Amino acid sequence: MADDDFLEMIATEVGRDPQNLALREDFITLLLQADPDRAAAELDTFEAGGGDPARVRVLRARLVAARLRGDSAAPPSEPTPAPVPAPADTDVDDDRAPARGEWDAERPAVTLADVAGLAEVKQHLDLTFLAPLRNPDLAAAFGQKPGGSLLMYGPPGCGKTFIARAIAGDLGASFIHVTLADLISKYIGDSEKAIRSVFRDARSAAPCVIFFDEFDALGGRRTSGGGGSQSMRMIVTQLLEELDGVSSANDGVYFLAATNRPWDIDPALRRPGRIDKTVLVLPPDTVARAAILQGDLEGKPSDGVDVIRVAAATEGFSGADIAHVVKSALQQALSASMAAGAVVPVTTQSLLAAASAVTPSTTSWFDQVAPVLEYGVDDGTFDQLRAYRVKRGL
């Protein structure tokens, strides 16, 4: 696939979900290798949209390095010998692509008990996914093998990655987190090779949870057009082969995926026996919002903040939105402290004022999903969402 086609495929996904900071960060990482100037523009957008300041600093340092490499590159004074190809029967990557196949499987220390609030989400997870896995002998009596798959969907910034880690912790399993930048390559065949290596390493580390983030960008519909459609078909086909255990059994391998756009997932991936279970991860409830506020304020100068009151005023906010509210209030308190020459703590009123200036990022997601619910084909994926919308009067 041509470089331009590859980059435009990713740019399309970013354009469709401009508030998805994790996806934009992956796009910047890819652009650093191919187009530093474009990476700089995307990085400015990432920072302006509330990107993590620590990640911004790292990415700017990498941008400087990328530009220095570009400036120092000079054509060779004599022809460069052609590289000797690796033997056809080896799986060794050549110098043109990043090293693949070494996936660090961590052991999460968190469990679902550490997830504040979200009682309905946890109950649904237990009934549809975790209960059979916690009772393997009983499941085996009914012909259920150890393993499984689950698609988590919902608005961005609502904690799908944290819940995935908590599920791995509940199962006592290793955890491999796979992002778009880990898999996508401009070289034909590299993405499929990376997917094979993920599953191979997960089988070696079983019990193991594989978590694919931004799954719609990897498992999108193969019928979609565009220059990257052929690459998309190859990636989805490889995923299907691994999920079906064509070359190796997936006993003890749990496949989790997260997406903000479940309607864009290729239907073949959602067939029974593949990723056939879903859970809706909604904006945090009052209990969860209060816990997020408490955690973000811990160790910071504050004066009797009523987190329950602030939580009540942030209905519909995502976890990322609440973190932004706290960050804004802290910045304002810092400015006031510097002007006063003494510490001015964050208060309930300053947090409420910061919250009133924020429009919940989840609003645009619910606007996007409305026509899908009204006109799209629903195989039951959106049952929870329909019930939520009725309950909230959306």
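Listing for the model above:
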{"read-out": "Cα-projected label distance for Val64 with Gln294, points at 7 Å along beta-carbon direction, nm", "value": "4.1 nm"}
{"read-out": "Long-range HN-HN contacts of Glu214 with modeled amide H, under 5 Å", "value": "Ala258"}
{"read-out": "From phi via Karplus (6.51, -1.76, 1.60), per-residue ³J(HN,Hα) for region 165-180 in Hz, x at Gly/Pro", "value": "4, 5, 4, 4, x, 4, 7, x, 10, 6, 9, 10, 9, 10, 10, 4"}
{"read-out": "Efficiency of FRET from Cβ geometry, Lys391 and Leu334, R₀ 41 Å, rounded to 0.05", "value": "0.55"}
{"read-out": "Placed amide H near Ser361: partners under 5 Å, 5+ positions off or other chain", "value": "Ser318"}
{"read-out": "Phi-based couplings in Hz for region 105-120 (Karplus 6.51, -1.76, 1.60; Gly and Pro marked x)", "value": "9, 8, 10, x, 8, 9, 10, 5, 5, 8, 8, 6, x, 6, 4, 5"}
{"read-out": "Summed side-chain charge close to Gly51 - residues other than Gly51 whose Cβ falls under 15 Å, Lys, Arg +1, Asp, Glu -1", "value": "-2"}
{"read-out": "J(HN,Hα) series, region 134-141, from Karplus relation 6.51 cos²θ - 1.76 cosθ + 1.60, nearest Hz, glycine and proline x", "value": "7, 10, x, 5, 5, 4, 5, 4"}
{"read-out": "For a label point 7 Å along the Cα-to-beta-carbon line of Ala353, residues of region 292-313 with backbone N under 17 Å", "value": "301-306, 310"}
{"read-out": "Fully extended contour minus Cα-Cα distance, from Ala313 to Asp383, at 0.36 nm per residue", "value": "22.4 nm"}
{"read-out": "Under 14 Å, Cβ to Cβ, from Asp170 - net charge with Lys/Arg +1 and Asp/Glu -1", "value": "+2"}
{"read-out": "FRET efficiency estimate (nearest 0.05) - Cβ-Cβ, Lys327 to Ala109, R0 30 angstrom", "value": "0.75"}
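Throughout, read-outs are computed from the coordinates displayed, never taken from laboratory work. These numbers were taken from a predicted model, which means no experiment stands behind them. All Cβ positions, glycine included, derive from the backbone under ideal geometry; neighbour counts span all protein chains shown.
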